[in-house]
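A.B. asks: Quick one: structure below, then a few questions.
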Amino acid sequence: MSTKISLTRYLVEQQRVDGLIPSQLRLLLEVVARACKGISQAVNKGALGGVLGTAGTENVQGEVQKKLDIIANEVLIEANEWGGHLAAMASEEMDTIYVVPNRYPQGEYLLLFDPLDGSSNIDVNVSIGTIFSVLKKPEGLAGVTEADFLQPGARQVAAGYCVYGPQTTLVLTVGDGVAMFTLDREQGSFVLTQENVRIPQDTQEFAINMSNMRHWDAPVKRYIDECLQGVTGPRGKDFNMRWIASMVADVHRILTRGGIFMYPWDQREPNKPGKLRLMYEANPMSWLVEQAGGAATNGRQRILDITPTKLHERVSVMLGSRNEVQRVTSYHATL
Ligand code: P6P
């Protein structure tokens, strides 16, 4: 029987063998994984746990909060605030940063998360997930402010997500490729089920919300139109389409079998660069995709090179199979 490698053993080996992650970062990642297990339990209860439906409140994005959005946020805060590895946290569900209370030791890391992405799918039993990103607190000044978070995604030291679907799977990078861990509910631990994840350079599958087509700008319209022309058009091959409306699930598919995911700028909100959030959705997903051999741009530049100006900044997202992302990005350069 092959030895099962737990998340803990994988992280210890990354720390010991590759010297990639200090013990404080390993601790942080194990705490986040434990919190995801707790969220998975709440999600799996569904109606039986009285956790479906809305909480009757709105978040900083102006979105109606689901009960599970708030539960997931609280689980992550409570799991991470006492460990001594964090200075502060930021969440899609909180207006401002959450500084670790003085009663706990302060650490050197900053944790950002979307506690439950895709929450419009909760009540219809479709996969949702937690997305997280880890930065180092800049050296020097005591205390921590929102400005400390405003670092380009290229400075992440860890990034990942946990998808709550038919399986609960944690997907993680610390800069040495992408690994996937499936939750063994009998043991209550995440077990390594894939490492060195690679995204095929080419694909015949795109993911975009087609109902927004009339609102897209010309380069995106051109790219999708060519895909729709299939083998009779300039691409010379047919394409399939998927749209789960849950970024974690769509990105998980792309990491598993390739594809391109796009949520581009559109003229419905012309003054916003896109719908998705840069710091705790696009950045962690972009690093995972790049670490798996894919690419991620906003149509004009590498997403990981964007320096944020505000915590809840939005961004246009095109990520996945490298040759497709490069193609749609090149269309932005020519038009
Ligand atoms: P639409 C979920 O609300 C989310 O932030 C992403 O997970 C998902 O890709 C996107 O929005 C879906 O947006 O406009 O298709 O409902």
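A.B. asks: Would you mind telling me the share, in percent, of accessible area of the chain contributed by carbon and sulfur at probe 1.4 angstrom? Don't skip to the answer; put the middle values down first.
C.D. replies: Numbers: 7040 of 14150 Å².
Taking all protein chains in place, the chain shows 50 percent carbon and sulfur surface.
A.B. asks: I would also like to ask the following. Taking H as built 1.01 Å from N, whose amide H comes closer than 5 Å to the amide H of Thr57, not counting residues under 5 places away?
C.D. replies: Here the answer is Gln65, since their amide H atoms fall under 5 Å of that of Thr57.
A.B. asks: Once the Cβ-Cβ distance between Arg300 and Asn44 is put in as r, and R0 is 45 Å, what FRET efficiency do you end up with, to the nearest 0.05? Display every interim value, and only then the final one.
C.D. replies: Working: r = 41 Å, r/R0 = 0.90.
Using R0 = 45 Å, I get an efficiency of 0.65.
A.B. asks: To continue, here is another question. Enumerate the residues in region 251-293 having an amide nitrogen under 20 Å from the point lying 7 Å beyond the Cα of Val60 toward its Cβ.
C.D. replies: 271-286
A.B. asks: Using protein chains only and a probe of 1.4 angstrom, how many square angstrom of Asp95 are accessible, to the nearest 10?
C.D. replies: Accessible area of Asp95: about 100 Å².
A.B. asks: Identify the GluC sites (Glu not before Pro) of region 133-205 meeting these criteria: DSSP loop state and at most 12 other C-beta atoms within 10 Å of the C-beta.
C.D. replies: Numbers: sites: Glu139, Glu146, Glu186, Glu195, Glu205; in loops: Glu139, Glu186, Glu195.
Counting only loop positions with at most 12 other Cβ atoms within 10 Å, the GluC sites (Glu not before Pro) in region 133-205 are Glu139, Glu186.
A.B. asks: Accessible area per residue, 1.4 Å probe, Å², for the chain: what's the number? Kindly include the intermediate steps, with their values, before the conclusion.
C.D. replies: Details: 14150 Å² over 335 residues.
That works out to 42 Å² for each residue.
A.B. asks: Right, something else. Give Lys137/Lys275; Lys67/Lys221; Lys221/Lys275 a once-over and call out the pairs whose C-alpha atoms are over 29 Å from each other. Could you put the intermediate results ahead of the total?
C.D. replies: Details: Lys137/Lys275 27 Å; Lys67/Lys221 37 Å; Lys221/Lys275 17 Å.
Over 29 Å apart, Cα to Cα: Lys67/Lys221.
A.B. asks: If each residue of separation counts as 0.36 nm, what is the full-extension length gain between Arg214 and Val17 once their alpha-carbon separation is subtracted? Don't skip to the answer; put the middle values down first.
C.D. replies: On the way: separation 197, 0.36 × 197 = 70.92 nm, distance 5.19 nm.
That works out to 65.7 nm of additional length.
A.B. asks: Counting only C-alpha contacts under 8 Å and six or more residues apart, can you give the relative contact order of the chain as a whole percent?
C.D. replies: Details: 711 pairs, mean separation 50.0, N = 335.
Once normalised by length, the contact order is 15 percent.
A.B. asks: Another question, then. Taking only the C-alpha atoms, wrap a convex hull around region 35-169 and report its volume per residue in Å³ as a whole number.
C.D. replies: On the way: hull volume 15.2 nm³, N = 135.
Per residue, the Cα convex hull of region 35-169 comes to 113 Å³.
A.B. asks: For the chain, what is the calculated [θ] at 222 nm in deg cm²/dmol (nearest 500), taking -39500 (n - 2.57) for each run of four or more DSSP H residues and dividing by its residue count?
C.D. replies: After summing the helix terms and dividing by residue count, I get -8500 deg cm²/dmol.
A.B. asks: With a Förster radius of 35 Å, plug the Cβ-Cβ distance of Asn125 and Ala147 into 1/(1 + (r/R0)^6) and report the FRET value to the nearest 0.05.
C.D. replies: On the way: r = 41 Å, r/R0 = 1.16.
That pair, Asn125 with Ala147, gives E of 0.30.
A.B. asks: Modelling each spin label as a point 7 Å along the Cα-to-Cβ direction, I'd like the Glu74/Gln167 distance in nm, to one decimal.
C.D. replies: Result: 3.1 nm between the two label points.
A.B. asks: Summing Lys, Arg as +1 and Asp, Glu as -1, what charge do residues with Cβ under 12 Å from the Cβ of Leu7 carry, Leu7 excluded?
C.D. replies: On the way: positive: Lys4, Arg9, Arg26, Arg34, Lys37; negative: Glu13, Glu30, Asp184, Glu195.
Once all neighbours under 12 Å are counted, the net charge is +1.
A.B. asks: Test of understanding: express the Cα radius of gyration of the chain as a ratio to 2.2 N^0.38 Å, with N the residue count.
C.D. replies: Values: Rg = 19.5 Å, N = 335, 2.2 N^0.38 = 20.0 Å.
Its radius of gyration relative to the 2.2 N^0.38 Å reference: 0.97.
A.B. asks: Reachable lysines from Lys66, Cα under 16 Å, same-chain residues fewer than 8 places away excluded?
C.D. replies: Straight-distance partners of Lys66: Lys45.
The values are calculated or read from the model by the stated rules, or taken from the named source; none is laboratory data. Note that the structure is a prediction, hence the values are computed from the model and not measured. FYI the Cβ positions are ideal-geometry reconstructions off the backbone, even for glycines, and counts take in every protein chain you see. To get the accessible areas, we keep the full protein, side chains included, count just its heavy atoms, and leave off ligands, DNA and RNA. Shrake-Rupley method; radii C 1.70, N 1.55, O 1.52, S 1.80 Å.
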